[in-house]
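Data block below; observations after.
The values are calculated or read from the model by the stated rules, or taken from the named source; none is laboratory data. These figures come from a predicted structure and were not determined experimentally. Cβ: placed from backbone, ideal geometry, glycine included. Neighbour counts: every protein chain shown. Heads up: the accessible areas ignore ligands, DNA and RNA and are worked out on the full protein's heavy atoms, side chains in. Shrake-Rupley method; radii C 1.70, N 1.55, O 1.52, S 1.80 Å.
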Amino acid sequence: MAQYHDASINGVAADGEMPQDTAVLDEDNAQQLDEFLGDNEDYNEEAEEKRYYRRKRLLTVKSVISASLGAALTYGVYLGLLEMQLILHYDETYREVKYGNMGLQDIDNKMLMGINVTPIAALLYTPVLIRYFGTKWMLFLSSGIYALFVSTNYWERYYTLVPSATVIGAMIVPFWASIGNYITRMAQRYYEFTNYKEDNMREKQKLPRGASHKYIIIFQSIFFSIFHLCFILSQLPMYAFLSKFIYGYNHTLCDVKQCGASIPHGLIPGFNVTVLHTLPSSVNLIYMESSLMLIALLSMLVILILCGSAYRPTEEIDLRSIGWGNIFQLPFKHARDYRLRCLAPYFLYTGFEVLFACTGFALGYGVCSIGLENLPYILTAYGLSACIFSSLALSLLCLPRHFLLLAGPLLHSCLLIGLFFWSPTPRDLSQGPQLYLVAVLWGIGSALNKTSVSILIGMFYEDKGRQDFVFTIYHWLQALAIFIVYLWSELPMMAKLGLVLASALISILSYLWMEHKIRLKVQPRLPKIPSPRHKVKGYRYLEEENSDESESEEEGNDSDGDGDENSASEEEDYREQPLQRRRTHKQGSCYEQAVEEE
């Protein structure tokens with residue numbers, strides 16, 4: 001009987017005879033099988049779906065906070081180390097005792113040149129790198145390059161500092177373009193996870209026009225509120241290490257005669273060539289640099305582990321499969337959009353004002369009057385103000401956008417006009433409150449500028465296929481402004497103030513002209529994003545996508561505007577052609593006829 005039972009299980013009967021009544025499963029096993037395969041009465045599909053998307057939303061918020069914290073740590077370490085090394089290398093005694101005739105000042109000049117000049121070429125390769133590596137991995141790779149710069153300071157030589165500084169300059173624009181793209185995409189994904197029950201979300205269609213604007217405003221405000229902490233973190237080397245070795249203002253400013261608007265050239269003419277009363281030991285320097293290196297590695301781990309991907313794998317493939325030639329060309333073709341052309345002066349101005357605050361004002365007004373020992377307090381006041389008042393961007397949820405976008409340049413213009421007529425007295429500590437007040441007000445303007453312009457770009461260009469191109473143009477123009485500030489470092493202070501004021505006023509006028517054209521319903525000219533290419537079969541590539549033609553809605557779109565890629569804001573109700581333009585083909589070729597038939 002056991003033989004029949006085993007044979008029946010294996011599908012073979014013993015001696016060619018099948019058993020008549022062989023029960024493979026008894027009643028208990030059958031009941032367990034029914035419970036396993038049957039419907040679970042305790043399972044609530046709607047509740048499980050709700051919990052799933054709530055978890056997705058929490059992961060999205062965690063990714064935004066992690067990316068913000070990682071960027072703040074990365075730039076805090078970078079700026080802090082750069083400030084500490086420039087102060088040490090400026091001291092004549094430190095150079096002679098530590099490194100002899102190695103020429104540290106010449107190395108610093110070459111290093112600053114590499115950081116400021118290299119980003120000029122970033123427009124050529126930034127979108128290619130972002131599309132090749134992906135947004136998150138480009139962000140991680142860029143943070144690794146900053147960590148590499150920290151590691152090269154263990155061995156201060158020409159062949160370590162200058163190449164690493166040049167690589168830093170090459171990665172500035174990809175780093176920031178990746179951040180802008182990442183935060184915008186996370187806002188759009190948060191909208192998808194919040195409104196997962198809507199039909200267009202279930203059918204994987206494009207987002208409705210302006211649907212994610214609220215989340216773009218919130219996420220960009222969160223990012224800049226956290227990121228501006230980098231100005232505070234960058235002063236930790238001064239607070240914890242270098243401040244104990246710096247001379248007082250009576251020594252460093254003993255030969256300084258003019259400050260502020262009366263400076264004839266450079267930053268601080270007559271500043272003492274020795275600023276350190278005691279040279280820090282090599283062991284203490286190694287400890288300090290090791291601490292900075294650990295923070296840089298921590299920022300890399302935060303980005304790698306806690307940040308989720310900005311796109312699904314299939315979306316990443318779609319972004320790359322439009323062709324590397326198109327990826328290279330599209331940043332230049334986006335310059336045809338009048339909105340970007342009108343915002344270009346604003347982009348340049350945002351680069352001018354931040355670098356002027358950290359160099360022109362902090363040194364020419366702050367250090368020149370109250371001493372180098374107070375520099376970290378001035379920059380801390382600036383960073384803390386920018387960190388707190390970045391939350392003012394949330395007012396865009398209920399106010400028109402031009403209020404915020406004009407408030408920053410107008411505030412800076414008023415401060416610049418006041419700085420024209422202010423020449424602080426050297427070695428006068430009574431001017432400290434005025435200096436800190438200007439630093440706080442300038443931080444408010446910087447927070448409004450940075451946050452609002454990033455929000456505006458995210459609202460104008462909601463299509464995931466063009467965000468990296470537009471953020472590349474934005475941050476490339478900012479890098480170009482930083483290069484211009486590097487070139488004018490030896491100009492008189494009045495000339496620097498005039499250039500920054502002119503850029504602020506021009507940016508205001510240009511922005512108002514853009515808003516005027518938007519109110520007139522002037523349609524922007526956007527280059528067409530080619531369709532993804534996944535198959536190579538026969539004649540499929542004979543009809544090539546032309547990214548040089550303007551964007552239009554695809555044939556058969558619904559009236560709710562799901563396929564419109566010009567989504568900018570509520571006021572921008574651009575009416576595009578309903579039918580996509582088709583290119584005419586000559587008749588007579590069998591391949592072309594096949595294309596038309598398909």
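Could I have the simple spin-label model distance between V61 and S321, label points 7 Å from Cα toward Cβ, reported in nm to one decimal?
For V61 paired with S321, the spin-label model returns 3.6 nm.
Can you tell me the length gained on complete extension of the stretch I388 to L306, counting 0.36 nm per residue apart and subtracting the Cα distance?
Working: separation 82, 0.36 × 82 = 29.52 nm, distance 2.44 nm.
Result: 27.1 nm gained on full extension.
I'd like the projected area of the stretch 242-365, averaged over all directions, using the convex hull of its alpha carbons. Report it in nm² with one decimal.
Values: hull surface 56.3 nm².
Averaged projected area of the stretch 242-365's Cα convex hull equals 14.1 nm².
Give me the accessible area of D106, 1.4 Å probe, in Å² rounded to the nearest 10.
Surface open to solvent at D106 totals about 80 Å².
Sorting check: for 505-517, 273-285, which peptide has the highest mean count of neighbouring beta carbons within 10 Å, and how do the rest follow? Each step should come with its number before you reach the end.
On the way: 505-517: 17.2, 273-285: 13.8.
With the highest mean Cβ count within 10 Å placed first, the list reads 505-517, 273-285.
Please report, as a whole percent, how much of the solvent-accessible surface of the stretch 359-501 comes from carbon and sulfur atoms (probe radius 1.4 Å). Let's see the in-between values first.
Values: 3540 of 4570 Å².
Here carbon and sulfur together make up 77 percent of the probe-accessible area.
Using only C-alpha atoms and all pairs of different ones, pull out the Kirkwood radius for the stretch 344-425 in Å with one decimal. Before the final figure, lay out each step's value.
Numbers: mean 1/r = 0.0695 Å⁻¹.
Over the stretch 344-425, the inverse of the mean reciprocal pair distance is 14.4 Å.
Applying 1/(1 + (r/R0)^6) with R0 = 22 Å to the Cβ-Cβ distance of I506 and Q434, what FRET efficiency is obtained, to the nearest 0.05?
Efficiency computed from Cβ-Cβ geometry: 0.20.
Would you please name the trypsin sites (Lys or Arg not before Pro) within the stretch 53-161 that are DSSP coil residues with at most 16 other C-beta atoms within 10 Å of their C-beta? Mind dumping the intermediate values first?
Numbers: sites: R54, R55, K56, R57, K62, R95, K98, K110, R131, K136, R157; in loops: R157.
Within the stretch 53-161, the qualifying trypsin sites (Lys or Arg not before Pro) (loop, at most 16 other Cβ atoms within 10 Å) are R157.
Within the stretch 304-349, report the chymotrypsin sites (Phe, Trp or Tyr not before Pro) that DSSP leaves as loop and that have at most 11 other Cβ atoms within 10 Å.
Details: sites: Y311, W324, F328, F332, Y338, Y346, F347, Y349; in loops: Y311.
Counting only loop positions with at most 11 other Cβ atoms within 10 Å, none of the chymotrypsin sites (Phe, Trp or Tyr not before Pro) in the stretch 304-349 qualifies.
Just flag the chymotrypsin sites (Phe, Trp or Tyr not before Pro) in the stretch 124-189 sitting in loop per DSSP whose Cβ has no more than 10 other Cβ atoms within 10 Å. Intermediate results must be reported in sequence, preceding the final value.
Values: sites: Y125, Y132, F133, W137, F140, Y146, F149, Y154, W155, Y158, Y159, F175, W176, Y182; in loops: Y154, W155.
Answer in residue order: W155.
Given labels modelled 7 Å from the Cα in the Cβ direction, how far is it in nm from S243 to R51?
5.0 nm
Going by a ≥ b ≥ c, the root eigenvalues of the Cα gyration tensor, does the stretch 107-183 fall in the rounded group (a/c under 1.5), the prolate group (a/b larger than b/c) or the oblate group? Let's see the in-between values first.
Values: a/c = 2.86, a/b = 1.75, b/c = 1.63.
Cα axes put the stretch 107-183 in the prolate bin.
Test of understanding: what is the full-extension gain from S291 to H402, defined as 0.36 nm times their sequence separation minus their Cα-Cα distance?
Working: separation 111, 0.36 × 111 = 39.96 nm, distance 4.31 nm.
Result for the pair: 35.6 nm of gain on full extension.
Given points 7 Å out from each Cα along the Cα-Cβ axis, report the M113 to R157 separation in nanometres with one decimal.
Here the answer is 2.1 nm between the modelled labels.
Just how many % of Cα pairs in the stretch 361-508 lie over 26 Å apart, if you round to the nearest whole percent? All intermediate terms of the calculation are to be shown ahead of the outcome.
Details: 3430 of 10878 pairs.
Pairs farther apart than 26 Å: 32 percent.
Cα atoms only: what Rg and Dmax, in Å, come out for the stretch 60-108?
17.0, 53
What length, rounded to one decimal in nm, is gained on full extension from W422 through to N195, with 0.36 nm per residue of separation minus their alpha-carbon distance? Could you put the intermediate results ahead of the total?
Numbers: separation 227, 0.36 × 227 = 81.72 nm, distance 5.45 nm.
Full extension of this stretch gives 76.3 nm more.
Rank by packing, highest mean first: peptides 428-438, 374-384, with packing defined as the count of other Cβ atoms within 10 Å averaged across residues.
On the way: 428-438: 15.1, 374-384: 21.8.
Answer by packing, highest mean first, reads 374-384, 428-438.
Keeping all protein chains in place, calculate the accessible area per residue for the stretch 323-434 (probe 1.4 angstrom), answer in Å². Walk me through the numbers before you get to the answer.
Working: 3970 Å² over 112 residues.
Heavy-atom SASA per residue in the stretch 323-434 reads 35 Å².
Taking all protein chains as present, what is the carbon and sulfur share of the accessible area of the stretch 205-325, in % to the nearest whole number, probe 1.4 Å?
Details: 3510 of 5160 Å².
Carbon plus sulfur share of accessible area: 68 percent.
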